[in-house]
Each structure stands twice: as structure tokens, then as C-alpha cells.
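So the structure is just underneath, and the comments pick up after that.
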Amino acid sequence: MTIANNPETATEYDYDARAVVARRLLKGSAQRSYDPIIELDFDAPLPSDKFFLPPRVVSIYGTELWESLTTQQQIEVSRQELANILSVGIWFENLLNRALLVRLMRQDPAASTTHYALTEMGDECRHMTMFGKVIEHVGARAYPMRSWERGVMHLLPFAMRGTLLWVITLVGEELFDALQRQIKDDPELQPIVARLMQIHVTEESRHIGFARDGIVRRMPIRSRTETVLAANLHGLAAPIFRLLFTNPEMYQRAGLPNPREVAAIARANPHFHASQITSFAPLAAFFRKTGLMGSFAERRWHRAGFLP
């Protein structure tokens, strides 16, 4: 089978072209992969005047509440928000690895695509280790999942098939990736957090490329049912991410009174909305381009503040 020059205009699934992409990503992984235990300096002290997230992306930045806090209180809020974001990242990468393992039970173990999926799972295991060690190093505690969240996470891998696998992958990866690209070089950021983000952006770019290619390759063969489900079910994630990013427990741990009221302030914060929109914009554009932004999903993302 010949390799399609433009997969978006192909009329069938091009296995050869997909294998070429997998081999290229495998080569990239061999050339640029990182061991966080070596790459991150866990012995270095934390500068007392550096933020754990740049102020402009903290959920309550720009509000009267934020302005009333001392610099050290603002830094503490950023520490807790970082720990929360990294905790969510650990949950999601756990989910992705389990979904890929379920899928590999049906795949050819000698295929390049299988080899890259295994390589990606190795990356994700290192990322989970990196996130957990950074949470510990910055003096925070991980944020646990609620029982209903654990239930959803246990069931999701069995539903993540075909286009929906790659759609859910992108929802979990691109929101964080776009945010990290905005802030990884910020001079106000703690050095260890900046290095974490640089590593994660480098390795996640391959994962995102593999998922996007997976969606595009399936376009010629996906059924209408597959398209409708994949184009709309991702909208269910929108209110969940909104709640996760404004978790009241963050504000409680940061010492702010009335944490539920603080969460409500964050959810109404135009600065927070602007950050959400910027993070979701590349993925929204890709979903529209590939016919995967259904009306239900679009309403949900808009209502949750990720679309203007």
C-alpha cells in the first residue's frame, strides 16, 4: 500500500503511513528522552521569592482577593495549584496507559505502532514519577481522587476505542501542553518547575503528534456513529476540568478562608477564563478541522469557560 501524501484526503486507512509516523517518533524518543531522577535537581533549595505557577495563570489572579494577599500567600496559592495540576496529570497518564494496554491486547506485537505505544507508556510512567517527586519536593501533598472519579477512571479504558481513544488522549494532553508552553520560560517560575515543564513539553509533543495522526488516519473509515460519539462525548470532560482546576481543597490548604467561595470567585474570574480559552484553542481548532466538535461538546466547553 502506498503512503498517502495527504491523509486528510485519503479514502482508506493507510497502515504503511501510520507505521512511518510510529518509526519516526520511535527515533525521536531514542534521541530525546529524559530520566527525571537525573534531569531534575531535587537537592537544590527552592528560592523563596519564586512562584510555583506564574501569577497570571493562577485561578484567582487579578481578583480583589488575589490583590489582598501578601506575596508569600500568593506563592502558597501557586504551590497548591501546581500540586493539584500535577495530581490531575498523574491520574490522566495512568488512565492513558491502561487504555493503551487494553488496546495492545488486540494489536500486532511486532508492529511499529505497538512499539511506539509501549515507548509512550514508558514516557508516561516517568512523567508520573516526575510529577509525584516534584509534589513532594515543593513541600505539598498530592490531591486524591474522589470515589466517583476513581470509578470513572476504572471504566473509561474499556470505552476508549477507535477515534474516541485519541480524542480523550488529546483532551488530557493538549490542555496541559498549551498551558505549559505559555509558562515554561517565565522568569518568575521556580527552576525545578520550569525544567519539569520543558521535559514534559518535549515528550508530550510526540504523544500529541501520534494521537492527532491516529485521528486523521481514521477519518476515511470511521462510521457516522463513531464520529458522532467521538465528536460529542469529549464535551463531558469540560465541567470536570473546570471543577478540577478550581478544587476548593487547594484554597483550604493555602490557608484561605471559605474555600468554596474562593472556588466560585475563581470560576467567575475573567483572567482564569482567558487562560482556559488560550489552553483549549489549539485543540478546538483541530477538532473542528477533523469534524470532531459536535454541537453538544461545543456547548459544554463554552459553558465551562473553555470557548469564547
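Using only the alpha carbons of the range 117-206, what is the convex hull's orientation-averaged projected area in square nanometres? Kindly include the intermediate steps, with their values, before the conclusion.
On the way: hull surface 27.4 nm².
For the Cα atoms of the range 117-206, the hull's average projected area reads 6.9 nm².
Expected output is a single nm value to one decimal: the length gained when fully extending between Asp185 and Ala274, i.e. 0.36 nm times separation in residues minus the C-alpha distance. What is it? Please list the in-between numbers first.
Working: separation 89, 0.36 × 89 = 32.04 nm, distance 1.94 nm.
The Asp185-Ala274 span can extend by a further 30.1 nm.
About the Cα centre, and with charges only on the beta carbon of Lys, Arg (+1) and Asp, Glu (-1), how big is the dipole of the chain? Nearest 20 debye, please. Please report the intermediate quantities before stating the final value.
Working: 35 positive and 33 negative charges, 207 e Å.
Roughly 1000 debye, rounded to the nearest 20.
Apply 1/(1 + (r/R0)^6) to the Cβ-Cβ distance of Arg56 and Lys27, taking R0 = 22 Å, and write down the FRET efficiency to the nearest 0.05. Let's see the in-between values first.
Details: r = 37 Å, r/R0 = 1.68.
The value I calculate is 0.05.
For the range 196-236 and the range 283-308, what is the separation of their C-alpha centers, rounded to whole Å?
One Cα centre to the other: 14 Å.
Please report, for the Cα atoms of the range 19-174, the Rg to one decimal and the Dmax as a whole number; what are they, in angstrom?
When restricted to Cα atoms, the range 19-174 yields Rg and Dmax of 18.7, 60 Å.
Could you work out the relative contact order of the chain? I mean the mean sequence separation of Cα pairs under 8 Å and 6+ apart, divided by the number of residues, in percent.
Working: 367 pairs, mean separation 81.6, N = 308.
That works out to 26 percent.
Rg and Dmax in Å for the chain, alpha carbons only: what are they?
19.8, 64
Using the Karplus curve 6.51 cos²θ - 1.76 cosθ + 1.60 with θ = phi - 60°, work out ³J(HN,Hα) for each residue of the range 40-51 in order, rounded to whole Hz, and write x for Gly and Pro.
These are the phi-based 3J(HN,Hα) values: 9, 8, 7, 9, 6, x, 8, x, 6, 9, 9, 8 Hz.
Hey, got the dipole for the range 178-232? About the Cα centre, +1 on K and R Cβ, -1 on D and E Cβ, debye to the nearest 20?
Details: 9 positive and 7 negative charges, 84 e Å.
The calculated dipole for the range 178-232 is roughly 400 debye.
Modelled label-to-label distance, Asp35 and Tyr13, 7 Å Cα→beta-carbon offset: nm?
With each label placed 7 Å out from Cα toward Cβ, I get 3.7 nm.
May I ask you to evaluate 6.51 cos²θ - 1.76 cosθ + 1.60, the Karplus curve with θ = phi - 60°, for each residue of the range 289-306 and list the ³J(HN,Hα) values in order in whole Hz, giving x for glycine and proline?
With coefficients 6.51, -1.76 and 1.60, one gets 5, 9, x, 10, 10, x, 5, 4, 4, 4, 5, 5, 5, 5, 5, 7, x, 9 Hz.
Cut-off 10 angstrom, C-alpha nodes, Gaussian network model of the chain. Which of Thr163, Thr129, Thr70 fluctuates the most?
Checking each option, the largest mean-square fluctuation is seen for Thr70.
Summing +1 for each Lys or Arg and -1 for each Asp or Glu, what net charge is found among the other residues whose Cβ lies under 11 Å from the Cβ of Glu226? Intermediate values should be presented prior to the final figure.
Values: positive: Arg161, Arg218, Arg222, Arg224; negative: none.
For residues surrounding Glu226, the net value is +4.
Would you mind checking the radius of gyration and Dmax of the range 256-308 based on alpha-carbon positions, in Å?
13.5, 45
Output needed for the range 51-112: three equivalent-ellipsoid semi-axes, defined as square roots of 5 times the C-alpha gyration tensor eigenvalues, in descending order, whole Å.
Numbers: eigenvalues 342, 16, 15 Å².
The answer is 41, 9, 9 Å, longest axis first.
GNM on the chain, C-alpha springs below 10 Å: top fluctuator among Glu174, Glu120, Glu64?
Taking springs between Cα atoms under 10 Å, the residue moving most is Glu64.
When the accessible area of the range 123-275 is split by element with a 1.4 Å probe, what percent falls to carbon and sulfur? If you can, show how the numbers build up before the last one.
Values: 3780 of 6370 Å².
That share works out to 59 percent.
The values are calculated or read from the model by the stated rules, or taken from the named source; none is laboratory data. Keep in mind the model is a prediction, meaning the values are calculated, not measured. Cβ sites come from the backbone with ideal geometry, for glycine too, and all protein chains shown count toward neighbours. Ligands, DNA and RNA are excluded from the accessible area calculation, which covers all protein heavy atoms including side chains. Shrake-Rupley method; radii C 1.70, N 1.55, O 1.52, S 1.80 Å.
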